[in-house]
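S.K.: First the structure, which I've put down as structure tokens, then a few questions once you've had a look.
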Amino acid sequence: MGFDNLINSWMLIFPSAVVLYYFFRKRYETQTISSTLFWEQSMRETKVAPYLKNLQRNALFYLQMAALLLFVFILLEPYLNREEATGGHTIFIVDTSASMLVGKGGATLFEKHQEAMKELAGSRIGEPITIITTGSEPSIVVREDTDGESVRTAIDALAVAYEHEQMERALELARSITSEGSADIHIYTDALERALFSEEQGYLAWIVHGSKEEPSTNLSIDKFGAVKTAEGTEAIVKVVNDSLRDHTGEVQITDALTEKVLVNDSFTVESGKEALLSFKRLPDSQAMRAEIRVDDAYAADNTAYVLLGDEMSEAVVDGQLHELVKRAFEVIGLTVTTGSANEIQVAQDSEIIVTNDVTFLEKGIKPIILVGRNDKSAESVSGMTSSTDDALFAIADITDVYVSALYPPFPSYTTIATVGDQPFIQKSKRSDIVILADIELTDWPLHPSFPLFIWSASELLRSESGSLGTFVPNERKTVLSSGIEKYLELYTLTDEYVTTFVDGSDFIAPSKPGIYKVLDSGTEKWLAVQLESTEKEIKPGTSYKIERMNHGEVVEGGKNRIGWYFLIPVLLLLLIEWEVQRRRGYPN
């Protein structure tokens, strides 16, 4: 049972006033009168039980209190929850985001929802039940299954996927399933806005099962970054306190690959504020893990990861190259600057270098992108453009590109694209990418394959650093293989096999945050899976029901109002009170 209008509880002051009135009411003194008139009546009253005698003396008080309390109870609008089936089809939409792991000193919210689903499914044996899990790609676990045991098994097998729920997509999937009928759609989540159901159609009942909890204590690592400097590695941890009081805890940074503790320090962060923790001169590491140790209700956002080989988010383009080259790198989301030969040399080992200066093929330790040559002259060519099955062309088809002139090739490099029988694009043993043409001598920038090729080249150069970058849970992203064999094998840090991707274009990141190892033709590379920022906030929500009536009006249901049942008792009490007052008379 619950109350919809607790604000009316202030009216309890009226029963309290009646009680105070009876405490301070006028009292009469008992006097002894010599008479035998009342002997018989007095003897009868001495035989009455004490509590009944008290009731007789104060009947008017008890009647007034009962009437007032019942009246206040009605004003609070009491109700009883009800579970009624709108149609024969029941759909469970299960939120599998990381925030469902909230819970302190007991079961998590996700586990509580599992028990609630099994209880509801047990009450609807023989009826079709569908289970949908949320995410960027909602999936149907079971569809219109009438076997209670298989439904229960499917519910037990559900697990948190850590990615943002993107509830709108799951709702659209449920609507498509029930487009021609009625259904009860139960949504198990933490919080959901009613505005999502403002334009409902059909005979659907949406029952939202929220967290039903007050805001929980939560501290999270909002940002974690690390960069190599001349004095060592510098790390920064940003801690956010979303609770209602100040908190003190410990932060620990470890080498994610060796489990060696690099730093352990304490911190204090005020309520609703954030703290920026900086650590300098840390030992070199390829991957780091930051963890805060605090007493809160949500542990999933207390850990963050960073790869130190993933700093190549900027590109330096030689000022002698065409402006369209710079534009292409900007389109793929890189921060692009134009630099001279000296500026390029300084940035070669930390950023993506794009130039036509062939001397940079022998400088530095990281590969570059060479567009044209500054030591040779281009010669006219003719013929069709073709490419090999190299990973650079997995999503970039260049067969319709026109090239008017080419530079002489590098004899020791591998040719991966040609114009006629002349080399067009080459790769060195160091994985340098060489385009043997000036962009202005081709129509390549007019084709969508140009920015796609630039993106592929940038991703390949970044992967050569041993890092595949940072992903969010279950993120689908193309990962280019730098070896002859295109398949990628995914392992945990403890060498536990996860899965194999035959084609890097179908790569899907793991769901659980952490550092993972990828084998690319025998070469070890690393990737980090990080929680999305939206999953670092926990919000309490309420449970409610929304359904569409026959005439099309959207109403909120799920409650049996019981207040009006008490109107008749209140009227009866008032009548009895009136009768008692009439018999006893009205004092002067």
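The values are calculated or read from the model by the stated rules, or taken from the named source; none is laboratory data. What you are looking at is a predicted structure, and each value in this text was computed from that prediction instead of being measured. Because the Cβ atoms are built from the backbone with ideal geometry, glycine has one as well, and the counts that use them run over all protein chains shown. Quick note on the areas: whole protein, heavy atoms, side chains included, nothing else; ligands and nucleic acids left out. Shrake-Rupley method; radii C 1.70, N 1.55, O 1.52, S 1.80 Å.
S.K.: Checking Lys376 against (1) in contact with a Phe, Trp or Tyr (Cβ under 8 Å, 6 or more places away or on another chain); (2) open to solvent by 30 Å² or more (accessible area, probe 1.4 Å); (3) assigned to a helix (DSSP H, G or I), which test does it fail?
M.R.: Only one criterion in (1) in contact with a Phe, Trp or Tyr (Cβ under 8 Å, 6 or more places away or on another chain); (2) open to solvent by 30 Å² or more (accessible area, probe 1.4 Å); (3) assigned to a helix (DSSP H, G or I) is unmet by Lys376, namely (3).
S.K.: Does Val269 satisfy being in contact with a strand residue (DSSP E or B) (Cβ under 6 Å, 6 or more places away or on another chain), farther than 29 Å from Leu493 by Cα, in contact (Cβ under 8 Å) with a residue 12 or more places away in the chain and crowded, with 21+ Cβ neighbours inside 10 Å?
M.R.: yes
S.K.: Restricting attention to region 425-439, and to residues there that are part of a loop (DSSP other than H, G, I, E, B) and open to solvent by 10 Å² or more (accessible area, probe 1.4 Å), which single residue is farthest from Ala457 (Cα to Cα)?
M.R.: Asp438
S.K.: Further question on the same structure: Out of region 338-350, which residues are closer than 16 Å to Leu461 by Cβ and open to solvent by less than 40 Å² (accessible area, probe 1.4 Å)?
M.R.: Within region 338-350, Ile344, Ala347, Gln348 qualify.
S.K.: Quick one: count up the residues across region 120-137 that are open to solvent by less than 40 Å² (accessible area, probe 1.4 Å), under 25 Å from Lys512 (Cα atoms) and at pLDDT below 95.
M.R.: 2
S.K.: Could you tell me whether Tyr516 is outside any loop (DSSP other than H, G, I, E, B), surrounded by 14 or more Cβ atoms within 10 Å (Cβ to Cβ), among the hydroxyl-bearing types (Ser, Thr, Tyr) and at pLDDT 70 or above?
M.R.: It is true that Tyr516 is outside any loop (DSSP other than H, G, I, E, B), surrounded by 14 or more Cβ atoms within 10 Å (Cβ to Cβ), among the hydroxyl-bearing types (Ser, Thr, Tyr) and at pLDDT 70 or above.
S.K.: Restricted to region 491-547, and to residues that are aliphatic (A, V, I, L, M) and touching a Gly at 6+ places or on another chain (Cβ under 8 Å), which residue is farthest from Asp390 (Cα to Cα)?
M.R.: Only one residue tops the list, namely Ile546.
S.K.: Does Thr254 count as within 28 Å of the chain's Cα centre (by Cα), closer than 30 Å to Thr492 by Cβ and polar (S, T, N, Q)?
M.R.: For Thr254, the condition - within 28 Å of the chain's Cα centre (by Cα), closer than 30 Å to Thr492 by Cβ and polar (S, T, N, Q) - is met.
S.K.: Among the residues of region 257-266, write down those that are open to solvent by less than 60 Å² (accessible area, probe 1.4 Å) and touching an Asp or Glu at 6+ places or on another chain (Cβ under 8 Å).
M.R.: Across region 257-266, the qualifying residue is only Leu262.
S.K.: Could you say whether any residue in region 188-196 is in a strand (DSSP E or B) and modelled with pLDDT of 95 or more?
M.R.: yes
S.K.: Being over 24 Å from Ile538 (Cα atoms), of a type outside the set (D, E, K, R) and under 23 Å from the mean Cα position of the chain (by Cα) is true for just one of Ala174, Ala183, Ala161, Ala170. Which residue is that?
M.R.: Ala174
S.K.: Follow-up. If Ser481 meets every condition in (1) in contact with a helix residue (DSSP H, G or I) (Cβ under 8 Å, 6 or more places away or on another chain); (2) more than 30 Å from Ser243 (Cα to Cα); (3) open to solvent by 30 Å² or more (accessible area, probe 1.4 Å) apart from one, which number is that one?
M.R.: The one condition Ser481 does not meet is (3).
One line per residue, one yes/no per condition, for (1) part of a helix (DSSP H, G or I); (2) closer than 21 Å to Ser458 by Cβ; (3) touching a residue at least 12 places away in the same chain (Cβ under 8 Å):
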{"position": "Tyr305", "(1), (2), (3)": "no, no, yes"}
{"position": "Val325", "(1), (2), (3)": "yes, yes, yes"}
{"position": "Phe329", "(1), (2), (3)": "yes, yes, yes"}
{"position": "Val336", "(1), (2), (3)": "no, yes, yes"}
{"position": "Lys363", "(1), (2), (3)": "no, yes, yes"}
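S.K.: Among the candidates Val141, Val102, Val160, Val151, which residue alone is surrounded by fewer than 19 Cβ atoms within 10 Å (Cβ to Cβ), of a type in the set (Val, Ile, Thr), under 30 Å from Tyr298 (Cα atoms) and modelled with pLDDT of 90 or more?
M.R.: From the options Val141, Val102, Val160, Val151, the qualifying one is Val141.
S.K.: List the strands (runs of 3 or more DSSP E) that sit entirely inside region 61-173 and contain at least 1 residues that are out of contact with any Gly (no Cβ under 6 Å at 6 or more places or on another chain) and free of Cβ contacts under 8 Å to residues at least 24 places away in the same chain.
M.R.: In region 61-173, the matching strands (runs of 3 or more DSSP E) lie at 139-145.
S.K.: Select, from Thr418, Thr499, Thr494, the only residue that is open to solvent by 40 Å² or more (accessible area, probe 1.4 Å) and outside any loop (DSSP other than H, G, I, E, B).
M.R.: Step by step, each of Thr418, Thr499, Thr494 is checked, and only Thr499 is open to solvent by 40 Å² or more (accessible area, probe 1.4 Å) and outside any loop (DSSP other than H, G, I, E, B).
S.K.: Right, another one. Answer yes or no as to whether Leu446 is within 46 Å of the chain's Cα centre (by Cα), surrounded by 22 or more Cβ atoms within 10 Å (Cβ to Cβ) and modelled with pLDDT under 95.
M.R.: no
S.K.: Can you report the number of residues in region 224-256 which are open to solvent by 40 Å² or more (accessible area, probe 1.4 Å), free of Cβ contacts under 8 Å to residues at least 60 places away in the same chain and not in a loop (DSSP other than H, G, I, E, B)?
M.R.: The number of residues fulfilling the criteria is 6.
S.K.: If you take the residues of region 272-303 that are among the polar types (S, T, N, Q) and part of a strand (DSSP E or B), which of them is least open to solvent (accessible area, probe 1.4 Å)?
M.R.: The qualifying residue least open to solvent (accessible area, probe 1.4 Å) is Thr303.
S.K.: If you don't mind, another one. Could you grab me the full set of residues in region 171-187 that are hydrophobic (A, V, I, L, M, F, W, C) and either open to solvent by 40 Å² or more (accessible area, probe 1.4 Å) or modelled with pLDDT of 90 or more (or both)?
M.R.: Those that are hydrophobic (A, V, I, L, M, F, W, C) and either open to solvent by 40 Å² or more (accessible area, probe 1.4 Å) or modelled with pLDDT of 90 or more (or both): Leu171, Leu173, Ala174, Ile185, Ile187.
S.K.: Give the residue that is nearest to Thr96 (Cα to Cα), with candidates limited to residues of region 179-194 that are in contact with a strand residue (DSSP E or B) (Cβ under 6 Å, 6 or more places away or on another chain) and β-branched (Val, Ile, Thr).
M.R.: Out of the qualifying residues, it is Ile187.
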